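Note sheet for the following structure.
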Amino acid sequence: MSGEVLYRKWRPPRFADIVGQNAVTQTLTQAVATDRISHAYLLCGPRGTGKTSTARVLAKALNCTMRPPGVGDPCGACDSCRAIDQGSYIDLIEIDAASNRGIDQMRDIREKVRFSPTQGRYKVYIIDEAHSLTPEAFNAFLKTLEEPPPHSVFVLATTEAHRLPATIVSRCQRFDFHRIAPSDVIDRLAEIATAEGVDVAPEVLRTISRASGGSLRDATNLLDQLITSFGANVSIEQVQELLGMGGEDRALALVKHLLTNNTKAALELINTITSEGQDIRPLHRMTVDFLRAALLMKSGVKDALDLSKEAYGELSFASSNTTLDHLLRALRMFGQVSLKFDQPSPLPLELA
């Protein structure tokens, strides 16, 4: 196993390897293959869903020296592709707008963008967290977007597209990234684990996927932490320990108490977990997930569920013995609970 962190080691090298964003990658692949390149792209969506990776693959594809005509994916083997992978390509300029957000940085880009590329066909500027730029910086950048040199391509990546001025957005081709489906996250984690020589049970991958909230980067980082902490054999108990979870069984128990109106048992369970020093946020998250699953079961929807056999059986029994109105009320009450602080109080869960 390599010493490099997994999310960097397994960053997708081609459009075809980017997980869960087929509409985006298909369009960009076709654009490169037909040489219909825009001067500016806006990649927006939740963190860890492939925005920066897509921008880097686009930079590789535009400057790949061995890419055949009519092909949109980079070869990955030429000097340009390897230099971009290694972070040493002069004509790929990556800017973190969160720490370089002022007008001086945008003026510097405006001055330097006029010069022709040193190594490749295009100068590619990737501006990450683009929403962090100041209004003055956006104004300075707007002039560059209005009259871009033909050898330059700008890629703006952001998790908060609504904070970008309309004048900037209107000059970009916009691509919206979405949270990655749990099944896609699990499949990708399984590929990485196999390649790394790690034995990870499907229930472990399912738990990691659920905890990552649709962010493949977060999921890969969790897998990396597990491998670092526990070696090549990872158990469900270990992932629950790392994530501070009381386990699926406790969330299931809480749901059953809620659906049978056993308030005393529910309060005792929450207090037991709190007294053990465990973070109650994973319990809350899993409880809402299980309540949702019970609601879907009660409504006759089963295809959308991603549950272990044990959880499915217990929830099926619990949901069959309660009313739909009771389920809806429980889901609303627990869905509205907010646990914002680093060490949240159990009171919001107790009140719910």
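Details
- Selection status of Arg179, open to solvent by 80 Å² or more (accessible area, probe 1.4 Å), of a type in the set (Lys, Arg) and more than 18 Å from Val19 (Cβ to Cβ): no
- Members of region 74-110 found to be closer than 17 Å to Pro12 by Cα, in contact with a Pro (Cβ under 9 Å, 6 or more places away or on another chain) and in a loop (DSSP other than H, G, I, E, B), listed by number: Pro74, Cys75, Gly76
- None of Val57, Val32, Val71 is in a loop (DSSP other than H, G, I, E, B), farther than 21 Å from His131 by Cβ and either hydrophobic (A, V, I, L, M, F, W, C) or modelled with pLDDT of 90 or more (or both) except Val71.
- Taking the criterion of being small (Gly, Ala, Ser) and assigned to a helix (DSSP H, G or I), the residues of region 183-205 that qualify are Ser183, Ala190, Ala193, Ala195.
- Long-range neighbours under 9 Å by Cβ, at least six apart or interchain, first residue under 20 Å from Ala181 (Cβ atoms) within region 38-60, second surrounded by 24 or more Cβ atoms within 10 Å (Cβ to Cβ) and among the basic types (Lys, Arg): Leu43/Lys51; Cys44/Lys51; Gly45/Lys51
- Of Leu269, Leu283, Leu242, all but one fail to be assigned to a helix (DSSP H, G or I), hydrophobic (A, V, I, L, M, F, W, C), more than 16 Å from Arg329 (Cα to Cα) and open to solvent by 30 Å² or more (accessible area, probe 1.4 Å); the exception is Leu242.
- Hits in region 245-266 - residues which are open to solvent by less than 40 Å² (accessible area, probe 1.4 Å) and over 24 Å from the mean Cα position of the chain (by Cα): Gly246, Ala251, Leu252, Ala253, Leu254, Val255, Leu258, Leu259, Ala265, Ala266
The values are calculated or read from the model by the stated rules, or taken from the named source; none is laboratory data. Quick caveat: nothing in here was measured; it's all calculated off a predicted structure. In this analysis, Cβ positions are derived from the backbone assuming ideal geometry, glycine residues included, and neighbour counts consider all displayed protein chains. All accessible areas refer to the heavy atoms of the entire protein, side chains included, with ligands and DNA or RNA removed. Shrake-Rupley method; radii C 1.70, N 1.55, O 1.52, S 1.80 Å.
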